[in-house]
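The values are calculated or read from the model by the stated rules, or taken from the named source; none is laboratory data. Values in this document were obtained by computation on a predicted structure and should not be read as measured data. Quick reminder, even Gly has a Cβ in these numbers, built from the backbone with ideal geometry, and neighbours come from all protein chains shown.
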Amino acid sequence: MIETIYIEEKIRNHPRTHFILSKFKKARCIEIDKYGEIFNKRNQNFRIQKSSPKLILAHKSSGLVLPAPEGFGIGNSKNFYFSHMYNCIYDCRYCFLQGMYSSANYVIFVNFDDFNAELEKVIEENKGTKITFFSGYDCDSLALESVTGFANHILNLFRKYTDVDLEFRTKSLQQIPFITSKPMKNIILAYSLMPEIMSSALDNKTPTIAKRINVMKKLASKGWSIGLRFDPLIHGKNWKVLYKDLLESVLNSLPLNSIHSVSFGALRFPKKMFKSITKLYPEEKLFSGPLSNNDGIVSYDYEIEEEMTSFCKDITIKYVDQSKIFKCSV
Amino acid sequence: MKNFFFGQIKLMNKKNKINNFSVRWVIALKEEAKTIINHYELRPVNENHLFPIFKNVDETHWLVLSGIGRHNAAAATSYLYSTSNVMQNTAWINIGIAGCGQGKYGDLCLVDKISKNFGQSRYPTTKPRTHLPKMNLFTSDVPINDYSSQELIDMEGIAFYDIVSKFTSNELICLMKVISDGPENNIKSLNRDKIINLIKSNINNIEEIVSYYEKLSQLDFLNNQKTYLFTQITSNWHFTVTQKYKLENLLRRIKVFLCDKNVLEIIKDCKKGNSVLNILNLKIKQSEVDWSNS
């Protein structure tokens, strides 16, 4: 429930601002100059804010589309990402957003058309190269779709560029606009997954894994391509049994030709980010695991990471061609 | 084995749950403060000082009388900060009467935006899920009789906020105003008794808001406090500063696998701090998080 909405003066009368405000009729609206006044302020308590986050409507003027970090990709030679939103309605304990921003408030950039222009520019500059765009690097791509309509908006652009891939990464059950649109071969609906008992401990406020699998099945049956993202892989008692059950359950639930790609990612935090997150949630079980600091990155020991990835890959390969399996090393 | 009193751990943990919150009040006039002083049973600390300070027996609530205006508010806030054992988890409250172009005489309002004649606005947070109205506050250097362009008007708010936000998080700062004058209620008709009554008639609402900040302050304290186990171990073995930091991390992690008593049991024969760290490290490496009992 959003009680307060901060609105940048510049976009006060933007049609999308009015559209979003119409969804929160009882919210108190406060005009601001720049979203950074609220969002980037020092001395904010992330944990308190997360219990009652506010919404900030803003205009994004630069950095609309950025190159994805090395090691982030699903086969194409160039990868870019963009975020129409900062922060997430979910509260996953391994999420890097907890340590990245000082604020837990949600920022929505309403100038979607500027994202289109920037995306088209990047596509033009990379003509002849296979590229993938990732939506939802700084947020969940679809969790607030009913409020923003961003996916619906951006899909129209990608109908024009059928050889350019776009991935929506999500944990949500949001099916609109996909359930009502004709499937597009260049769109990947990617779902983050982990064994249910781990998810119920770590994926706070998210739909259950079983519900996510049901939505995937529905969308796959409509003809949409599905991405399976086991990222991060979480260690713990019986992890082999838990991941085996999960992988087999997912891979047996979906028509195999609907699977675009499967990726596995390790649990990793830059040291500074890890320090902020553990300060926020010192009692969190996740951080009691066999983590250590290697060259400024806090992660499971190399052997554990490798063992987990290989184990999961060996199961997946029985269902999915190796060329569709990736390791995310960001 | 070192001389530990296991029973005390439980007792200490229990004790720590009581009154670890910390609240500081900055109020301009003694008439505005009277009800707060009575309600929270505050006693004078330095009555004849330029900025009189009051506190309760537990020393969880401290209050300073700042006098009118931005400069007084800033100076009094700093003075209270330096004299009242302020902690990182201290919540700061400014309450007072205010003129208002809208709203109803006598209403208690929470402030979520503060501005002055020039410069950037400030955005304090407010208690969520409350029936109380939220308003913008304009801090003026001179009394204003033209209420038409503003919601709330005071003479201290922005200075209080600017100083306090230097030493606490935005979520622990609260500004509340009771509407005392406006187009329908002439400021000249305000007197001592009326001001006291304006605050007094809102004491239940004030208490509700203050108890929210007490809870936030308490939670923040519990989140950041050193555990009793840490204190026990560091008082029995010598650790360097870096080792203490490592110990704190290891104790945070080992809590998932062992209770305090068992931690003490496995380190009881250690001769040096370094061997305590090694044993804890080894135990964590050998343990696996059990997700089934989350």
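Structural remarks
- Checking each residue in region A:131-154 for being touching a helix residue (DSSP H, G or I) at 6+ places or on another chain (Cβ under 8 Å), surrounded by fewer than 22 Cβ atoms within 10 Å (Cβ to Cβ) and over 19 Å from A:Lys121 (Cβ atoms) picks out A:Asp138, A:Glu145, A:Val147, A:Gly149, A:Asn152.
- Answer residue from region B:174-189, given it is surrounded by fewer than 19 Cβ atoms within 10 Å (Cβ to Cβ) and either touching a residue at least 24 places away in the same chain (Cβ under 8 Å) or among the hydrophobic types (A, V, I, L, M, F, W, C) (or both) and is farthest from the other protein chains (Cβ to nearest Cβ) among those: B:Ile187
- Residues of region B:39-97 classified as in a loop (DSSP other than H, G, I, E, B), hydrophobic (A, V, I, L, M, F, W, C) and in contact with a Ser or Thr (Cβ under 9 Å, 6 or more places away or on another chain), total: 4
- Selected residue (only one of B:Asn46, B:Asn16 is modelled with pLDDT under 95 and touching a strand residue (DSSP E or B) at 6+ places or on another chain (Cβ under 7 Å)): B:Asn46
- One residue stands out in region A:58-71 among those that are part of a loop (DSSP other than H, G, I, E, B), without any contact (Cβ under 8 Å) to a residue 60 or more places away in the chain and surrounded by 15 or more Cβ atoms within 10 Å (Cβ to Cβ): the one that is nearest to the other protein chains (Cβ to nearest Cβ), namely A:His59.
- In region A:237-263, the residues that are in a helix (DSSP H, G or I) form Cβ pairs under 6 Å with partners that are surrounded by fewer than 18 Cβ atoms within 10 Å (Cβ to Cβ) and among the basic types (Lys, Arg), at six or more places apart or across chains, as follows: A:Ser253/A:Lys217.
- No other residue among A:Leu97, A:Leu55 is at pLDDT below 95, over 21 Å from A:Asn116 (Cα atoms) and surrounded by 20 or more Cβ atoms within 10 Å (Cβ to Cβ) apart from A:Leu97.
- Qualifying residue in region B:196-213 (condition: in a helix (DSSP H, G or I), within 14 Å of chain A (Cβ to nearest Cβ) and buried (at least 18 other Cβ atoms within 10 Å of the Cβ)): yes
- Single condition B:Asn202 does not satisfy, out of (1) farther than 30 Å from B:Ile27 by Cβ; (2) touching a Gly at 6+ places or on another chain (Cβ under 8 Å): (1)
- Filtered residues of region A:30-57 (kept if out of contact with any helix residue (DSSP H, G or I) (no Cβ under 7 Å at 6 or more places or on another chain) and more than 10 Å from chain B (Cβ to nearest Cβ)): A:Tyr35, A:Gly36, A:Phe39, A:Asn40, A:Lys50, A:Leu55
Condition check ((1) more than 14 Å from every other protein chain (Cβ to nearest Cβ); (2) within 20 Å of A:Met85 (Cβ to Cβ); (3) within 19 Å of the chain's Cα centre (by Cα)) across all residues:
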residue	(1), (2), (3)
A:Ile176	yes, yes, yes
A:Ser181	yes, no, no
A:Asn186	yes, no, yes
A:Pro232	no, no, yes
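- When we screen B:Glu171, B:Glu151, B:Glu156 for residues that are within 25 Å of A:Gln44 (Cα to Cα), crowded, with 22+ Cβ neighbours inside 10 Å and within 12 Å of another protein chain (Cβ to nearest Cβ), the only hit is B:Glu171.
- Residue check for A:Lys78: surrounded by 20 or more Cβ atoms within 10 Å (Cβ to Cβ) and of a type in the set (D, E, K, R): no
- Across region B:216-248, the qualifying residues are those that are within 26 Å of the chain's Cα centre (by Cα) and not in a helix (DSSP H, G or I), and the one among them that is surrounded by the most Cβ atoms within 10 Å (Cβ to Cβ) is B:Thr227.
- Residue, surrounded by the most Cβ atoms within 10 Å (Cβ to Cβ), within region B:126-148, restricted to residues that are facing chain A (nearest Cβ under 9 Å) and in a strand (DSSP E or B): B:Asn136
- Residue match in region A:9-29 (condition: closer than 22 Å to B:Glu151 by Cα, within 14 Å of chain B (Cβ to nearest Cβ) and crowded, with 18+ Cβ neighbours inside 10 Å): no
- Verdict on A:Lys171 being under 15 Å from the mean Cα position of the chain (by Cα) and touching a residue at least 12 places away in the same chain (Cβ under 8 Å): yes
- Qualifying residue in region A:163-176 (condition: surrounded by 15 or more Cβ atoms within 10 Å (Cβ to Cβ), over 23 Å from A:Glu8 (Cα atoms) and acidic (Asp, Glu)): yes
- Consider region A:266-316 and keep the residues that are among the small types (Gly, Ala, Ser), assigned to a helix (DSSP H, G or I) and within 14 Å of chain B (Cβ to nearest Cβ). The one that is nearest to A:Val241 (Cα to Cα) is A:Ser288.
- For A:Ser249: the one exception among (1) away from chain B (no Cβ under 14 Å); (2) crowded, with 19+ Cβ neighbours inside 10 Å; (3) polar (S, T, N, Q): (2)
- Of the residues contained in region A:204-222, one or more are found to be away from chain B (no Cβ under 14 Å), in a loop (DSSP other than H, G, I, E, B) and in contact (Cβ under 8 Å) with a residue 60 or more places away in the chain.
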